[in-house]
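One structure is given below, encoded as structure tokens.
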Amino acid sequence: MSNFTMLLSLQKIAGLLSLAGALLIVAVVIFLLKSATISEDKTTAKEKVYKLRSRYIWSIIIVAVVLLAYSFRSLPYSLMKAKADTEVSVVAYQWGWKMEKGIYNGKLDDFKGSNEIELPVNKSIKFIVTSIDVNHNFAIYNSDGVLVAQTQAMPQHKNNLQYRFKEKGEYKIFCLEYCGTAHDFMVGTIHIN
Ligand SMILES: [Cu+2]
């Protein structure tokens, strides 16, 4: 299943959930309208409402905590800490990308890289990203055109971006930070084999 179809099915789930929520509200309103005709002692009614309210709040808290804990699983921080299998140095410039395997610590003017690189599938790749001139944004798109990872490319600063390519194919790099006239032509390619 591609990321795009996954997004679509997520949207369907969200749609069904909001429909269920709307139906629940309608049901509550109908219940309130019907029960409004039954007369009841004020103090006992108050107690009932308070009990219901605290139950309601506690169930919301429990649901929220469970959902929060569940969503932590998709945070990328553990991936970032894992040791990388391959390092790639990336230097952005007006207007293109230079990439080369390995950690580069020399002068950026001397950096020889290419805007195309071959990398292995299912390995943890650490991109060490910087810029030789202005701010750029190093953004990787898969063959479906879905953004899979990105980081800022900043002068005098190195940003680490760790990513594992799970599918073989051709990935494109675009700049997501407007950096001048030929910004749109800053395209690089990553071949995952
Ligand atoms: Cu740019």
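Numerical summary
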{"item": "Residues of the stretch 88-107 satisfying the condition of being over 15 Å from His191 (Cα atoms), surrounded by fewer than 17 Cβ atoms within 10 Å (Cβ to Cβ) and more than 16 Å from the ligand (Cβ to nearest atom)", "result": "Gly102, Ile103, Asn105, Gly106, Lys107"}
{"item": "Any chance Thr37 is in a helix (DSSP H, G or I), outside the structural domain of Val146 (by TED's automatic domain parsing), more than 30 Å from Val148 (Cβ to Cβ) and without any contact (Cβ under 8 Å) to a residue 12 or more places away in the chain", "result": "no"}
{"item": "Filter result for Ile117 (more than 17 Å from the chain's Cα centre (by Cα), away from the ligand (no atom under 16 Å from the Cβ) and either surrounded by 20 or more Cβ atoms within 10 Å (Cβ to Cβ) or of a type in the set (A, V, I, L, M, F, W, C) (or both))", "result": "yes"}
{"item": "Number of the condition not met by Asp110 [criteria: (1) away from the ligand (no atom under 16 Å from the Cβ); (2) surrounded by 15 or more Cβ atoms within 10 Å (Cβ to Cβ)]", "result": "(2)"}
{"item": "Scope the stretch 165-185; condition in a strand (DSSP E or B), more than 15 Å from the ligand (Cβ to nearest atom) and surrounded by fewer than 18 Cβ atoms within 10 Å (Cβ to Cβ); matching residues", "result": "Gly169, Glu170"}
{"item": "Conditions (1) within 16 Å of the ligand (Cβ to nearest atom); (2) small (Gly, Ala, Ser); (3) in contact with a Ser or Thr (Cβ under 6 Å, 6 or more places away or on another chain); number of the one not met by Gly188", "result": "(3)"}
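The values are calculated or read from the model by the stated rules, or taken from the named source; none is laboratory data. None of the values given here were measured: they were computed from a predicted structure. Methodologically, a virtual Cβ is constructed for each residue, glycine included, from the backbone with ideal geometry; neighbour enumeration extends over all protein chains shown.
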